[in-house]
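A short reminder: the numbers here are calculations on the coordinates, not readings from a lab. Nothing here was measured: the structure is a model prediction, and the numbers come from that model. When we count neighbours, we look across all protein chains shown, and the Cβ atoms used for this are built from the backbone with ideal geometry, even at glycine.
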């Protein structure tokens with residue numbers, strides 16, 4: 001059997017509006033971000049979900065509650081967190097963004113690498129296989145976990161995942177579909 005995953009990104013945060021990369025820093029959604037979360041509702045029309053998983057960071061939790069309300073169980077999971085930029089959590093994005101592709105295997109000082117994120121997501125996917133086989137689930141999280149899904153499920157290299165990231169193309173959509181075999 002397979003697990004159908006629909007992936008949503010959290011709405012715009014106070015850090016996003018200031019040009020900061022939050023990482024593991026816990027920040028609030030802005031009013032614009034709440035609107036972005038509501039726009040994700042289009043991605044659930046006509047779909048039935050067995051659960052909605054989200055990062056335990058407030059921006060993802062709040063986005064999940066806006067998207068799903070009480071329609072499905074919402075399960076927070078720290079494995080779905082953004083990459084821990086360590087000393088660079090909450091620092092200017094024009095500094096952090098260029099470092100991301102340099103930290104695929106090398107850890108951010110005091111943080112983790114994208115390979116570390118991939119290991120967390122691989123562990124989460126094994127959990128899904130064990131407990132949600134044949135189900136439809138939603139995930140609401142961040143950039144790094146979504147790129148890790150592209151690597152783990154779609155077979156992309158990290159370099160491809162970064163190059164083809166919708167954020168670079170400004171090609172947001174209300175949900176991305178993944179099929180976990």
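Miscellaneous remarks
- Virtual spin-label span in nm between residue 131 and residue 153, 7 Å along Cα→Cβ: 1.7
- Share, in percent, of DSSP beta bridges within the chain that are antiparallel, nearest 5: 40
- Computed E for residue 163/residue 95 - FRET, C-beta separation, R0 22 angstrom, nearest 0.05: 0.60
- Highest-fluctuation residue, 19, 90, 33 considered, GNM on the chain with Cα pairs under 10 Å: 19
- Cα principal axis extents for the chain, largest first, Å: 40, 35, 27
- Helical content alone sets the calculated 222 nm signal of the chain at -11000 deg cm²/dmol, taking -39,500 (n - 2.57) per DSSP H segment of four or more residues and averaging over every residue.
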